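The values are calculated or read from the model by the stated rules, or taken from the named source; none is laboratory data. This is a predicted model, so every value here is computed, not measured. FYI the Cβ positions are ideal-geometry reconstructions off the backbone, even for glycines, and counts take in every protein chain you see.
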Amino acid sequence: MQLFTATGIAGIPLLVLSLVIGALILRAVTLLVRGRKADLFSLLFWGFAAAVLGFLAQCAGLYRALTAISTATEISPEVVATGFARSFVSTLWGSGLLMLAAVAWVLLRILGRSLPVRSMESQGGGSWGN
């Protein structure tokens, strides 16, 4: 629960993006193992979206921390350090999701090249134009 309080408003969207990226990885692995082509660029898109969301959440957290510091009459260095440390959680989470998506993208591309890809005609499905 501390993870969501540290990330602020971006915690739930980052959790949703974590689930989306995980589902996309599982879907791509399933398609490639079955010999079908998988769209891997959506992994990179959602990974970059998570990184951008993490960065924007850090900016919002730093703004809140600096606003609180500017209005305080007395403040300890521990409070300042804790505020700055908490603002980095969302950035680390978003960057971690980007790294996971990028590594999965590379590995799945290698896996996709090593496995034979069956066409729709060989699976019993024809093209729409016929």
| said: Just to be sure I understand the filter: pairs with C-beta atoms under 7 Å, separated by 6 or more residues or on different chains, first member in the stretch 87-107 and under 12 Å from residue 18 (Cα atoms), second member in a helix (DSSP H, G or I) and aromatic (Phe, Trp, Tyr). Which pairs pass? | reply: 94/55; 98/48; 101/46
| task | Go through (1) assigned to a helix (DSSP H, G or I); (2) buried (at least 17 other Cβ atoms within 10 Å of the Cβ) and name the single condition residue 96 misses. | result | (2)
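Here is a list: 30, 7. Which entry is among the hydroxyl-bearing types (Ser, Thr, Tyr) and at pLDDT below 85? Full working, then the answer.
Details: 30 fails: at pLDDT below 85.
Exactly one residue qualifies, and that residue is 7.
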| said: For the structure I just gave you, tell me whether residue 53 is of a type in the set (A, V, I, L, M), part of a helix (DSSP H, G or I) and under 13 Å from the mean Cα position of the chain (by Cα). | reply: yes
| remark: Of the residues in the stretch 28-50, those that are in a helix (DSSP H, G or I), surrounded by 17 or more Cβ atoms within 10 Å (Cβ to Cβ) and either among the β-branched types (Val, Ile, Thr) or touching a Phe, Trp or Tyr at 6+ places or on another chain (Cβ under 7 Å) (or both) come to 43
| request: Count, please, the residues in the stretch 68-90 that happen to be under 29 Å from the mean Cα position of the chain (by Cα) and at pLDDT below 85. | output: 8
